[in-house]
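Following: one structure in structure tokens, then a few remarks.
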Amino acid sequence: MEIRDFQSEGPHRWVYPRGRDSAMTVDACVFASEEILGRAVADGAIRQVLNVASLPGVISCSLAMPDIHFGYGFCIGGVAAFDAREGIVLPGGVGYDINCGVRLVATSIPAGEIRRAMEPLGSAVLARIPTGVGTRSLRSLSKKQFERVLRRGARMVVEEIAGDIGDLDFIESGGALAFSDPGVISPRALTRGRGQLGSLGAGNHFIEFEVVTDIFDPPAAAAFGISPGQVVIMIHTGSRGFGHQVATDYIERIRRKNPPVDLKDKQLIYARIGSPEGRDYRAALNGASNFAWANRHLIMEDLIAILESYFHSSRGELGIRLVYDQAHNIAKEESHSIGGRSRSVLVHRKGATRAFPPGHPSLPDAYRAVGQPVIIPGSMGEGSYLLRGTREGMALAFGTAPHGAGRSMSRKQALHHSEGRDIPGELDEKGIRVLSHSSRGIREEMPAAYKSIDEVVRVTAEAGLAARVARMKPLLVIKG
Amino acid sequence: MKTGSYRFTAPTADIGLAVRAPDRRGLFVQAFRGTLHLALGYSPAPQIGKTGALPVRFSGDGYENLLVLLLSDLIYRLDTDSLLPADLRVTGLDSGQFSGMITQIPRVGCLARAIKAVTYHGLKIRKQPAGGYAARIIFDV
């Protein structure tokens, strides 16, 4: 397969027609620059997009976002929709870190105050919020409390631990999906989850204090409460070992019921949505999604407590406000216009983020005129973007945008490239302080291990998937 | 090749393990050791401080399935058990059953890497033309 096998059907929109591969039932559509597309062909990610286009009942087309890279079965940055009643659900289309996602918190703390306080603030975060491999929560939840987390997500945290009920409007799906059932979740998953609520984890998870450097869309920025020079906080984590165990359990259960004999990739096993396995997986998936929203909410509340204590001010005095929280790895029922009629579909987004347009009923009143905030973090050396959903993106890609820069280097390559280098020192010279329990983790996440966030966002905006609102630069990064 | 070996490989986002051994039992042992090395950042010395022995048994529908079950069980134990799984002895293996004994030692220090899961992506245990068996396993990390 080569780039010339694709048809260019718009800015950064490449279509691989289904007629080129007899197994494909729909086209594959990749949003990418020529360079990104070439890299995705080379690393095998495009083959994965084509494999998804061969799954039964896939609707419209198999999509990939500009941060596409090779995953397992389903590429990272992949999107696929199936009929919500008669279609299929596939755990590989969600990933193991169920509802890994990101939230953006606005503050009115001056950037100079954060710069002066980076060391004590970072140390306080590392002391209070469990970060790194295998870390456990500092809170002990009863079995009943944990079941309420799985059913009620972020709402449980707000009502029983800490938080502001108004924040729930600014979380995708209100921070909880219905039809979650702890009864279909294994004792192993429950054991892992009960000890991990409020913990950041490791890998590419982080807490980042950033300063807003550029505003591209003043009306949208005003609606989101974002202004130049403002300090914002980004939290990136997911459902921890709980979600990993749920995914592992259901991949096993589904593959035993439906052996992957005809599949091009065994990691693409699936269940009919209406089958017992499909229903149970969705109930468990929703529980893990709710856990992740509760996890990010609790981490945010712990961060707020740290800031209140350090600055001797209340959250109101510090101007702390949740801008938005969005999922990266999830399958959710949504209504989309397909072939001129509205259909209820189960949209799988794996390493991709929902980006709903202005006027969408699921958006909070404050954002309905401008569209959903879309938070796209880059590497710890580059910075991040805030965008907004567009009508074009809704029509082209089920209202979806990229979730990040996407890796360009494997972890092993990153370790090789960073050998003998002082990555925190290099970042410090750029005014970015990085703290972590793991020097290996910092090296694996070095800026050069990721694609350019500017390039991914440029392609995203020019393709019409989402529109740029603001750019942020990191000040203080706490890596898991 | 007396006992087999493992080495790490590097797909873009994840980490792989290339394993080979003279027989399937040895392949399972090498995959277990390689996964431990990946998680701990070193190879534990099970002969030092052996504290416990834990029997494990899985039923499956093929060798690849049994290998995933074994390594998924190891990932769970690394995340939850108070003792550290340090080595594996295979006591029974056919295409439908696996049984073995895990050597446990006291935990010292933290894990070096979080392994989310072992995947089926491209997983195939192959008999090698020159003898022995090989497999490539991809982890989500």
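Values in this text are rule-based calculations from the coordinates and carry no lab data. None of the values given here were measured: they were computed from a predicted structure. As a convention, Cβ positions derive from the backbone with ideal geometry for all residues, glycine included, and neighbour counts pool all protein chains shown.
Helix-only estimate, please: 222 nm mean residue ellipticity of chain B, summing -39500 (n - 2.57) across DSSP H runs of length 4 or more and dividing by its residues, to the nearest 500. Working shown, then result.
Working: 2 runs with 35 residues, N = 141.
After summing the helix terms and dividing by the residues of chain B, the value is -8500 deg cm²/dmol.
Convex hull of alpha carbon positions in chain A: directionally averaged projected area 20.5 nm². Modelled spin-label separation between B:Arg7 and A:Ala178, with each label point placed 7 Å from Cα along the Cα-to-Cβ direction: 5.5 nm. Summing +1 for each Lys or Arg and -1 for each Asp or Glu among the other residues whose beta-carbon sits under 10 angstrom from that of A:Gly404 gives +1. For the range A:370-424, the square roots a ≥ b ≥ c of the C-alpha gyration tensor eigenvalues yield an a/c of 1.5 or more together with a/b not exceeding b/c, which makes the shape oblate.
Out of B:Leu54, B:Leu93, B:Leu36, any idea which swings most in a Gaussian network model of chain B, alpha carbons joined below 10 Å? Result: B:Leu54 has the largest fluctuation of those listed. Net charge of the neighbourhood of B:Ala53, taken over other residues with C-beta under 14 Å away and scored Lys/Arg +1, Asp/Glu -1, is +2. Residue exposure proxy: A:Ile207, A:Ile306, ordered by other Cβ atoms within 10 angstrom of their Cβ from fewest to most, comes out as A:Ile306, A:Ile207. Less than 5 angstrom separates the built amide H of A:Val374 from those of A:Leu387, A:Arg388, A:Gly389, all sequence-distant by 5 or more or on a different chain. Cβ-Cβ distance of B:Gln97 and B:Ala18, R₀ of 45 Å, FRET efficiency by 1/(1 + (r/R0)^6): the value works out to about 0.95.
Could you size up the charge dipole of the range B:5-140 around its Cα centre, putting +1 on the beta carbon of Lys and Arg and -1 on that of Asp and Glu, and report it in debye to the nearest 20? Write down the numbers at each step before the final one.
On the way: 16 positive and 10 negative charges, 73 e Å.
Here the size comes out at about 360 debye.
Rounded to the nearest Å, what's the spacing between the alpha carbon centres of the range A:174-235 and the range A:286-303? Just the number, please. Centre-to-centre (Cα) distance: 7 Å.
Working out 0.36 nm times the residue gap between A:Met1 and A:Ala395, then minus their Cα-Cα distance, what length gain in nm do you get to one decimal? Intermediate values should be presented prior to the final figure.
Working: separation 394, 0.36 × 394 = 141.84 nm, distance 2.75 nm.
Working it through step by step, the gained length comes to 139.1 nm.
Its DSSP H runs of at least 4 residues, each contributing -39,500 (n - 2.57), put the calculated 222 nm mean residue ellipticity of chain A at -10000 deg cm²/dmol, to the nearest 500.
Using the Kirkwood radius over Cα pairs, work out the Stokes-Einstein diffusion coefficient for the range A:415-480 at 10 °C and 1.306 mPa s, in µm²/s as a whole number. Intermediate results must be reported in sequence, preceding the final value.
Values: Rh = 13.6 Å.
The calculation lands on 117 µm²/s.
Just check the range A:83-177 against the gyration tensor rule for me: Cα atoms, a ≥ b ≥ c as the square roots of the eigenvalues, rounded for a/c under 1.5, and otherwise prolate or oblate depending on whether a/b exceeds b/c. Prolate. Here A:Ser275 and A:Ser344 are evaluated by their C-beta separation; at R0 = 22 Å the FRET efficiency comes out at 0.80.
Using the 10 angstrom Cβ neighbour count as an exposure proxy, how do A:Ile432, A:Ile114, A:Ile330 rank, fewest first?
Working: A:Ile432 23, A:Ile114 20, A:Ile330 29.
In increasing order of surrounding Cβ atoms, one gets A:Ile114, A:Ile432, A:Ile330.
Reported to the nearest whole Å, the Cα centre-to-centre distance from the range A:7-69 to the range B:95-115 is 39.
Between helix A:276-311 and chain A there is an angle of about 20 degrees, using the helix long axis and the longest principal axis of the Cα atoms. Taking 7 Å steps out from each Cα toward its Cβ at B:Cys110 and B:Asp61 produces label points 4.0 nm apart. Filter A:Lys412/B:Lys124; A:Lys144/A:Lys479; A:Lys430/B:Lys116 down to the pairs with a C-alpha to C-alpha distance above 26 Å, please. Too far apart for the 26 Å limit: A:Lys144/A:Lys479; A:Lys430/B:Lys116. Summary of the geometry: the range A:73-121 and the range B:5-38, compared by the centres of their Cα atoms, lie 30 Å apart. Note on A:Asp428 and A:Glu455: their simple-model spin labels are 3.0 nm apart, each label 7 Å out from Cα toward Cβ.
Averaged over peptide B:116-129, how many Cβ atoms belonging to another chain are found within 10 Å of each residue's Cβ? Walk me through the numbers before you get to the answer.
Values: counts 15, 11, 3, 11, 13, 11, 6, 3, 1, 0, 0, 0, 0, 0.
The mean count of partner-chain Cβ atoms within 10 Å per residue comes to 5.
In plain terms, the residue of A:Glu462, A:Glu277 with the fewest other Cβ atoms within 10 Å comes first and the most crowded comes last, giving A:Glu462, A:Glu277.
A:Arg421 to A:Asp365: extension gain in nm, 0.36 nm per residue of separation minus the Cα-Cα distance? Numbers along the way, then the final one.
On the way: separation 56, 0.36 × 56 = 20.16 nm, distance 4.83 nm.
Residue separation times 0.36 nm, minus the Cα-Cα distance, leaves 15.3 nm.
Please work out the FRET efficiency for the pair A:Arg315 and B:Ala53, using the Cβ-Cβ distance as r and a Förster radius of 60 Å; give the result to the nearest 0.05.
On the way: r = 52 Å, r/R0 = 0.87.
Efficiency at R0 = 60 Å is approximately 0.70.
Between the listed residues A:Ala288, A:Met380, A:Ala470, the Cα displaced farthest toward the positive end of the dipole of the protein assembly as shown, a dipole computed from Cβ unit charges relative to the Cα centre, is found at A:Ala288. Here the dipole of the range A:3-479 is about 1280 debye; that uses its Cα centre as origin and unit charges on the Cβ of Lys and Arg (positive) and Asp and Glu (negative).
Across the range A:63-69, computed HN-Hα scalar couplings (Karplus, 6.51 cos²θ - 1.76 cosθ + 1.60, θ = phi - 60°) run 10, 9, 8, x, 9, 3, 7 Hz from first to last residue, x flagging Gly and Pro.
Per-residue shielding of B:64-76, expressed as the average number of other chain Cβ atoms within 10 Å of the residue Cβ, stands at 3.
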